[in-house]
Amino acid sequence: MVAMLGRHARTWLVGVILACSAGQVWAEATIKDVTTFLDQAEAVRMTDSARYAAMLTQLHADNPPMTPVQRWRLRYLDAAQAQFLGHYAEAEKGLRDVIDHSGHPGLSARAMGMLLQNLSTNHRYEEMFTLAKRGVAALPGLKDTVARHSLLSNLSQATNFAGHPEIAIQYAQMIRTDLLPGESPCISMAVEMAARYTQKTLASDSQELARGIEACTAYGSPVMANMMWLTKSTRLIEEGDPEAGLALLDRIAPSVEREGYFAGRAALYSQRGNAYLAVGRYDDARKAAQAAVDLFKPGDLDNFLIDAYHVLYEVAKREKKDAVALIYYQKFADQERGNLDDLSARALAYAAVEQRALLQGLEADKLTQQNSVLKLEKDLTARAVENGRLYIALLLALLGSVTFWLYRIKRSQLRFMHLSHHDGLTGVLNHQHFMTELERSLHDLERRNAPACLVLLDLDHFKQVNDTYGHAIGDVVLKRATATCCQQLRRADLFGRLGGEEFGILLHECHPEQGLVIANCIRAAIEATPVTIDGHVVKYSASIGVACTMISGYGLQSLRREADAALYRAKGAGRNRVMTDLLGDGLVGA
């Protein structure tokens, strides 16, 4: 499992973006002009933390005469320092004070951006997205471009973190449209690359990624340049070239260590572990993953920890250290469960429709102008048709009509074929077609001597759901469970509904241990996504049985018999758990 910098975008961008809104200017020994001194302090806030702290101390000690705006600006800088040191409650108090009472739109916008980071770090997602909506509403009247860019970058991070990278990209591009000639696009490109990674549209050889690295290097921001280099190395490893990924990691490691940025070091160690594992250097993989683990405190929840524990589990398993592997698997599973809970919390807090509506409002004037141009073009085209192209238009209309009917006939054929192969409610393969494809796939896997796992899944006490809430809500539960399973599966896997609340999955080219991990992720995801409809919260779970070709062979009957038996044991052991024909009852459970 490769460390995904896209899903870590909140971690590595937090605390970096605002530091890049001004160049470095060194402070003088004495305070000759308060505004200049404040400018100097803000410029070095994230490039020289010791000097920044000393300058704040000097401001408070000398206590020079200040205007109200200068005092509010000092209040903002004090809150920024508190947040940098991890004093989140103190920082929040100062930031809210600036937002609510300063009366300065630019300072309020900067404070909003920093408070978004604070709330995100502390998993207070509902408050974070409420504040994000308030920030979007403030954008049209915000004339301070530095503050506007700061707020837009944090809004981009917040929406990307909520699982809406397409909106995050729009916010990033809005920064770029505001830039004056000569201004660096580093900030906007950094947040856009994070969103494109989440969107899975970023390749290691992407020209946009290369331009982003070049822009941040030229701008003098090694932290942000390093994080984009780390994104590139991640994509190289994911694309099947771990040697190239390792070479890139070795090249940037001195800079990452020198800067000392926590998320950068965690990404470096975690990625090294994954790359070493991919090339079979197990001792190096274990050391790198352990270095990543050592960065965190007990009880921390982080995606870099998920990656590191997965590497430690894989190394122990491949070295036949079963007891050690089991310990690391449990740590990995605990982190995965926590990550699923966190994802659910974000999804419930985020008001996607309102965000999109507000974003569309920002573009309303531009769209009105575009509509006027389109209307003029339409009028000109109509006159041109009336003045000499009538026959051509009629011919094209006839040709279009024929094409349309041919298209409808073809679409109907495809639709009937799809309906004959798929379940009408859930959209996955129906029982008959699933069994046909399952048997064909097993023959192919046996010919290639490739492993596979058959997963049988049954929703627990589903009859009670129908009896209690009605079949309409029962259908919603089935659809939600199906969608949840699909999110955990790969493109090559088979997924079908066997009848009622029972489903079957064939995991192609999947070893038994990997099949257990996927099955348990499916079980945990189903448990973590209850259905809320008409005021009812419907919680449900699944019992799962797993049989593997390496144990039960490639025969359809024997493989299904073993999976059925494992499923029966899962139900008998209390439901909401996974049983298998490999490691014994109860190894993977709720």
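The values are calculated or read from the model by the stated rules, or taken from the named source; none is laboratory data. What you see is a predicted model, and the numbers here were worked out from it, not measured in a lab. Quick reminder, even Gly has a Cβ in these numbers, built from the backbone with ideal geometry, and neighbours come from all protein chains shown.
Data for the structure
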{"read-out": "Yes/no for G553 being free of Cβ contacts under 8 Å to residues at least 60 places away in the same chain and touching a helix residue (DSSP H, G or I) at 6+ places or on another chain (Cβ under 8 Å)", "value": "yes"}
{"read-out": "Test: V476 is over 30 Å from D307 (Cβ atoms) and outside any helix (DSSP H, G or I)", "value": "no"}
{"read-out": "Hits in the stretch 269-282 - residues which are free of Cβ contacts under 8 Å to residues at least 12 places away in the same chain and surrounded by fewer than 16 Cβ atoms within 10 Å (Cβ to Cβ)", "value": "G280"}
{"read-out": "Residue in the stretch 127-134 that is among the aromatic types (F, W, Y) and in contact with a Lys or Arg (Cβ under 8 Å, 6 or more places away or on another chain) present", "value": "no"}
{"read-out": "Qualifying residue in the stretch 527-547 (condition: surrounded by 22 or more Cβ atoms within 10 Å (Cβ to Cβ) and either in a helix (DSSP H, G or I) or charged (D, E, K, R) (or both))", "value": "no"}
{"read-out": "Verdict on A285 being modelled with pLDDT of 90 or more, surrounded by 19 or more Cβ atoms within 10 Å (Cβ to Cβ) and closer than 18 Å to F332 by Cβ", "value": "yes"}
{"read-out": "Selection from the stretch 164-202 of residues that are part of a loop (DSSP other than H, G, I, E, B), among the small types (G, A, S) and surrounded by 15 or more Cβ atoms within 10 Å (Cβ to Cβ)", "value": "S184"}
{"read-out": "Residue count, the stretch 479-503 (criterion: among the small types (G, A, S), surrounded by fewer than 22 Cβ atoms within 10 Å (Cβ to Cβ) and either in contact (Cβ under 8 Å) with a residue 12 or more places away in the chain or in a strand (DSSP E or B) (or both))", "value": "3"}
{"read-out": "Residue selected from the stretch 533-552 under the condition among the small types (G, A, S) and modelled with pLDDT of 95 or more, by the criterion farthest from G470 (Cα to Cα)", "value": "A547"}
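Each row is one residue, and each column tells you yes or no for (1) assigned by TED's automatic domain parsing to the domain that holds R318; (2) surrounded by fewer than 21 Cβ atoms within 10 Å (Cβ to Cβ); (3) part of a helix (DSSP H, G or I); (4) of a type in the set (A, V, I, L, M).
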position	(1), (2), (3), (4)
L209	yes, no, yes, yes
G212	yes, no, yes, no
A218	yes, yes, yes, yes
M227	yes, no, yes, yes
G240	yes, yes, no, no
E243	yes, yes, yes, no
A267	yes, no, yes, yes
